[in-house]
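Q: Got a structure for you, written out below as structure tokens; questions coming shortly.
The values are calculated or read from the model by the stated rules, or taken from the named source; none is laboratory data. Remember, predicted model here, so these are calculated numbers, not experimental data. Don't worry about glycine lacking a Cβ; one is built from the backbone with ideal geometry, like all the others, and counts go over all protein chains shown.
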Amino acid sequence: MRKTVRVPFYFPADAKSNVADVVLAGSFDGWSGRIPLTLEGRHYETSLTLRPGIYSYKFVVNGKWTLAPHQATVVDENGHVNHCISVTLPSSSSTSLESMVPAHLQVATAPAGSATTSTYNTPAASPNPSAYDMSEENDEELSDFGSDVDELATSLASVTHPLVIHGGPAYGSAILQNQLLLDGVFRVDNSNEAKAGERKLVLAMVGLPARGKSFIAQKLQRYLKWIGFETKIFNNGMYRRDNIGSYLSHDFFRADNRDGVEARSRMARMALADMCAWFAEDPKHHIGILDATNSTRARRKFVVNYLKTPSTFSVKVVFIEVICNRPEVIKRNVLHKHKFSPDYAGMTEDEAVSDFTERIAHYEAAYEPVQERSVSFIRLFDVGRETQTNRIKGYLPTKIVFFLMNMHIVQRPIYLSRHGESEFNRQDRIGGDSPLTLSGLKYAEALGEWMEKETDHDTSGYLRDLDSDLIIFTSTMVRTIQSAEKIKCAQLLRWKALEEISVGICDGMTPAEFEATYPDEYAARIADKLRYRYPRGEGYEDLIARLEPVIFELERQVLPVLVIGHQAVLRCLYGYLMGLDIEEVPHTPIPLHTVIRLVPRAYGTEETRTLLHPLDNADDHESGSLRAEPSPLASAASSDTSPLGS
Ligand code: F6P
């Protein structure tokens, strides 16, 4: 069997610049060599014989370290940006390194002929549900997942250059991507003997009803998607509603109701079977969240055993227990259940509260806290007050703990608004740091008045005025600072991380000037706006990476937050908050003079948009031709009803 692959490397020959000497250096030989490239038509070229693995590399052009346009980049542990390539054996081989690499790690976008391949072996089998008997109960300890982590540590020992994924279609910070790649969920091994197949992660919620499990599951899903992992929630309650019916009296949930117990077990099995089928469907399907009470040892044992069935993928299970005994939080969640859950549609509040309270009592009677020391678990006491962990190792599980420690379950609105119209908006120029126009100043005033009238109906059941509670985030640019000046607030934070996308050498240009001066760049941006990076500037993926601290701070704040930002930056934040597919992000309409109000709920995020102080001749300015590019997902992305969508 062939164990090496001939890999071509290219650097474009640019007629305009004076490129004379191009060499390649990389991790293939510990960065010690300088491999010369020769001019072949429109490219400088060389090729190397490489074993399967992940390599970082860079070019030295006329003596200077240089990145080639449109080749995926990575950041190493010292913060240096390099290109990244994943080399796999041809698909006829049973070894597929790529199948072990997260889906977001894409190989360099070299010209045709690149030796890299995308050979995913789609796992076919899913566990056989009949192999399990949920009624079986004994006191055996659950299986031990700890050894997996040690085994992984050994397999990672051969990774010589930790890679930080900075290119490829993924949300998330570069550093995060690196660590995720090296984490226990994925095996990265640059030897050509591949280990077992796909490794999946299951986050199984645990807790009594009305503790905020679904809300936390939603937030986790959004976050995990943001950092580049396809994550799906499987909710046992949804299976019950679809297969048995929405409204079932609390008696159905009694621990001594044999039919009820049996029916609930069946639903749990269905959810797990679907989860496994989803895992098997696509190697990119990595993380399943089991949103259920999983409140007894027997049920947890069942979950672990079910997911242990031999398959083409292996699964690591982490239980996340949500413990909360604060009456006001439980009360709020019970009321929320009445308002939003189909279980109580058409009932009065009193009827719903009374039935749901009984249902909780039935669960309480049988509840067993997670104390199985042999499984991985995270226990959250009053989300944020205290966190206990057991057997949590590896970057992704610890990152999840960090996220959970920073989040809360208080439902409060987040407002997003672009700055008022700026001089550059008026002139249809990109970049810059121009002040507001008269119309922009009027919007700033209108926004102040609107926010003053705005009350938060959602927190703890009482109305509150926002002026004493509101937190405002702006960027450090004049136009966002001016836009916040008329708004009363408790605190205002200026973030460098919220600055608009840097358009590099195009700063200050109109779209027509951009196209005339750099036609190739202009075309490249139109072709792939998500992955495009302005020369000496940024791309959307850079923005996504730099916004991570803002996301954590947004999650940490329990007070309403208004973010006054810029078009590209707000697209990314909106994408995170709404759980958008990353491909949609650069095309999402975030019009000027419009406030977007988002309230995260257990069953999705509620959105309202309000147009304040409409622009004159809205269609005449604001990057007319820059926004004209077709979005692959334009219709799906738009929830905008204002005439200003860009
Ligand atoms: O046009 C206003 C603006 O904020 C520019 O400064 C920025 O380059 C642009 O929007 C970002 O949006 P897009 O990625 O659609 O060009």
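Q: Counting just the residues of the stretch 401-424 that are closer than 20 Å to GLN557 by Cβ, among the hydrophobic types (A, V, I, L, M, F, W, C) and not in a loop (DSSP other than H, G, I, E, B), which one comes out nearest to the ligand (Cβ to nearest atom)?
A: So in the stretch 401-424, the residues closer than 20 Å to GLN557 by Cβ come out as 401-417.
Next, only the ones that are among the hydrophobic types (A, V, I, L, M, F, W, C) stay: 401-405, 407, 409-410, 414, 416.
Of the ones still in play, those that are also not in a loop (DSSP other than H, G, I, E, B) are 401-405, 414, 416.
Working: VAL401: 34, PHE402: 30, PHE403: 28, LEU404: 33, MET405: 34, ILE414: 20, LEU416: 14 Å.
Among those residues, the one meeting the criterion is LEU416.
Q: Would you be able to tell me the number of residues in the stretch 425-442 that are near the ligand (Cβ under 10 Å from one of its atoms) and without any contact (Cβ under 8 Å) to a residue 12 or more places away in the chain?
A: Residues in the stretch 425-442 being near the ligand (Cβ under 10 Å from one of its atoms) and without any contact (Cβ under 8 Å) to a residue 12 or more places away in the chain: 0 in total.
Q: Scanning the stretch 536-575 for residues that are more than 13 Å from the ligand (Cβ to nearest atom) and assigned to a loop (DSSP other than H, G, I, E, B), which turns out surrounded by the fewest Cβ atoms within 10 Å (Cβ to Cβ)?
A: ARG536
Q: Please verify whether VAL353 is in contact (Cβ under 8 Å) with a residue 60 or more places away in the chain, away from the ligand (no atom under 16 Å from the Cβ) and of a type in the set (Val, Ile, Thr), treating the condition exactly as stated. Quick ask: steps written out before the conclusion?
A: Details: in contact (Cβ under 8 Å) with a residue 60 or more places away in the chain: no; away from the ligand (no atom under 16 Å from the Cβ): yes; of a type in the set (Val, Ile, Thr): yes.
Considered against the rule, which asks whether it is in contact (Cβ under 8 Å) with a residue 60 or more places away in the chain, away from the ligand (no atom under 16 Å from the Cβ) and of a type in the set (Val, Ile, Thr), VAL353 comes out as no.
Q: Between residues in the stretch 224-246 that are farther than 19 Å from PRO209 by Cα and modelled with pLDDT of 85 or more and residues that are in a helix (DSSP H, G or I) and among the basic types (Lys, Arg), which pairs lie under 7 Å by C-beta distance while being six or more apart or on different chains?
A: Here the result reads THR231/LYS225, each pair linking the stretch 224-246 to a residue that is in a helix (DSSP H, G or I) and among the basic types (Lys, Arg).
Q: Follow-up. In the stretch 497-542, how many are of a type in the set (D, E, K, R) and at positive phi?
A: The total comes to 1.
Q: Further question on the same structure: Considering only residues that are surrounded by fewer than 19 Cβ atoms within 10 Å (Cβ to Cβ) and assigned to a strand (DSSP E or B), look in the stretch 489-505 and name the one that is farthest from the ligand (Cβ to nearest atom).
A: The qualifying residue farthest from the ligand (Cβ to nearest atom) is GLN491.
Q: Let me ask another. Any idea which residue in the stretch 576-599 is farthest from the ligand (Cβ to nearest atom), counting only those that are under 20 Å from the mean Cα position of the chain (by Cα) and not in a helix (DSSP H, G or I)?
A: Of the residues in the stretch 576-599, the ones under 20 Å from the mean Cα position of the chain (by Cα) are 576-590, 598-599.
Remaining after also requiring not in a helix (DSSP H, G or I): 579-581, 588-590, 598-599.
Numbers: GLY579: 21, LEU580: 15, ASP581: 17, THR588: 9, PRO589: 10, ILE590: 9, LEU598: 20, VAL599: 26 Å.
That would be VAL599.
Q: Now, a different point. For the stretch 26-60, which positions are outside any strand (DSSP E or B) and either under 13 Å from HIS83 (Cβ atoms) or among the hydroxyl-bearing types (Ser, Thr, Tyr) (or both)?
A: Within the stretch 26-60, SER27, PHE28, TRP31, SER32 qualify.
Q: Using the structure shown, decide if SER295 is touching a strand residue (DSSP E or B) at 6+ places or on another chain (Cβ under 8 Å), modelled with pLDDT under 95 and either closer than 20 Å to ARG379 by Cβ or of a type in the set (Val, Ile, Thr) (or both).
A: Yes; evaluated as a whole, the condition is true for this residue.
Q: I'd like to check something: does the stretch 510-520 contain any residue that is more than 31 Å from the chain's Cα centre (by Cα), assigned to a helix (DSSP H, G or I) and modelled with pLDDT under 95?
A: Checked the stretch 510-520: no residue is more than 31 Å from the chain's Cα centre (by Cα), assigned to a helix (DSSP H, G or I) and modelled with pLDDT under 95.
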